[in-house]
Amino acid sequence: MDTFVRRPAIDYASAMAPLEAGAGGVLFSMIRDASHAQEAMEWVKFAPRGKRGLLGANRDGNYFLKPTKQYIKEANESTLIGMQIETEGALDDIERIAGIEDLDFVLFGPADMSQVLGVTGEVNHEKVWEAISSVSKACAEAGMAWGTVPPNDEYASRAADLGCQLFLAGHDFAAIHRGIIETKNSYPSLFGEKSELKREGAY
C-alpha cells in the first residue's frame, strides 16, 4: 500500500522531506492561489517540469542504487500530487489550479471553506455547496479529479452526484473512537450505559 502525506505548502524543504522518506506523494494544504499551487508543483518535480533538487541518496532513490534517469522518470510520472481548495484565493482561482500540468487531483475542504464563506462549521450550508459546485464545474472542464471530506453518507452521495471521485471517508482517530466505544459497549457491567459516537463522520 502506497502513502501520500498532507503538508502545508510553506517551502521547498517541507515539501521534499516526505518524498525523500519514500512517500508516494504530497497533498498541499492551504493553497493561496494558482501561483502558489504552481510553485508547490515545481518543488516536487524534477527538471524540465520542476526545480526539485537531484540527489537519489534517500529512500525514494533506493539509497543511490536506482539509476538516475530511471529515478527521475519514475518520480516525475508516479508521484501523486494534490492541492487543497480551502481558501478564498484558491476558490477564486479554481479554474487555473485545475488546469495545472501534472496535478493529479484537488481536494475541497468543507470545514475551512465554511469559515471563508462566513458560515463556520456549517459544512452542509448551501454556500458551501455552491463552492463545491464551482470546483466540480472547473474540474470537469479541465479533466481534473476532485475530492472532499464527507461528514456522512448523504453528503458523500450528493458530492458523488456532482462528480466527486475521491472521498476521505474515515480517519485513524475515528476508527480508534469507534473501537473504544465498541469495547465499552461489550462490557456494560463495567462501563454502564452504552456509549455512542457523538460526532458523525469527519466532523
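The values are calculated or read from the model by the stated rules, or taken from the named source; none is laboratory data. It should be emphasised that the depicted structure is a prediction, and the values quoted were computed from it without experimental measurement. Every residue, glycine as well, gets a Cβ built from its backbone with ideal geometry; the counts of neighbours run over all protein chains shown. Ligands, DNA and RNA are stripped out before the accessible areas are found, and what is left, the full protein with its side chains, is counted by its heavy atoms. Shrake-Rupley method; radii C 1.70, N 1.55, O 1.52, S 1.80 Å.
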Item to check | Sole residue being at pLDDT 90 or above, surrounded by 14 or more Cβ atoms within 10 Å (Cβ to Cβ) and within 17 Å of ILE81 (Cα to Cα), chosen from ALA47, ALA13, ALA37 | outcome: ALA37
Checklist entry - In this structure, does GLY179 turn out to be of a type in the set (Gly, Ala, Ser), out of contact with any strand residue (DSSP E or B) (no Cβ under 9 Å at 6 or more places or on another chain) and either modelled with pLDDT of 95 or more or not in a helix (DSSP H, G or I) (or both)? => result no
Checklist entry - Hey, does the stretch 43-60 have a residue that's touching a Gly at 6+ places or on another chain (Cβ under 9 Å) and closer than 21 Å to VAL106 by Cβ? => result yes
Checklist entry - If you take just the helices (runs of 4 or more DSSP H) that sit entirely in the stretch 1-113, which of them hold at least 2 residues that are under 22 Å from THR148 (Cβ atoms) and in contact (Cβ under 8 Å) with a residue 24 or more places away in the chain? => result 34-43, 88-92, 94-98
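Within the stretch 53-108, work out how many residues are among the aromatic types (Phe, Trp, Tyr) and under 16 Å from the mean Cα position of the chain (by Cα).
Final tally of qualifying residues: 2.
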Next on the checklist: What pairs come out if I take residues in the stretch 168-189 that are among the small types (Gly, Ala, Ser) and pair them with residues that are at pLDDT 85 or above and surrounded by 10 or more Cβ atoms within 10 Å (Cβ to Cβ) whose C-beta lies under 8 Å away, six or more apart or interchain?
Outcome noted: ALA169/PRO150; ALA169/ALA156
Checklist outcome for this item: Scanning the stretch 151-164 for residues that are crowded, with 17+ Cβ neighbours inside 10 Å and modelled with pLDDT under 95 gives PRO151
Checklist entry - Residue check: is GLU122 in a helix (DSSP H, G or I), open to solvent by 70 Å² or more (accessible area, probe 1.4 Å) and farther than 30 Å from ALA21 by Cα? => result no
Checklist entry - Is the stretch 165-174 home to any residue that is over 22 Å from ALA90 (Cβ atoms), touching a helix residue (DSSP H, G or I) at 6+ places or on another chain (Cβ under 8 Å) and either of a type outside the set (Gly, Ala, Ser) or open to solvent by 60 Å² or more (accessible area, probe 1.4 Å) (or both)? => result yes
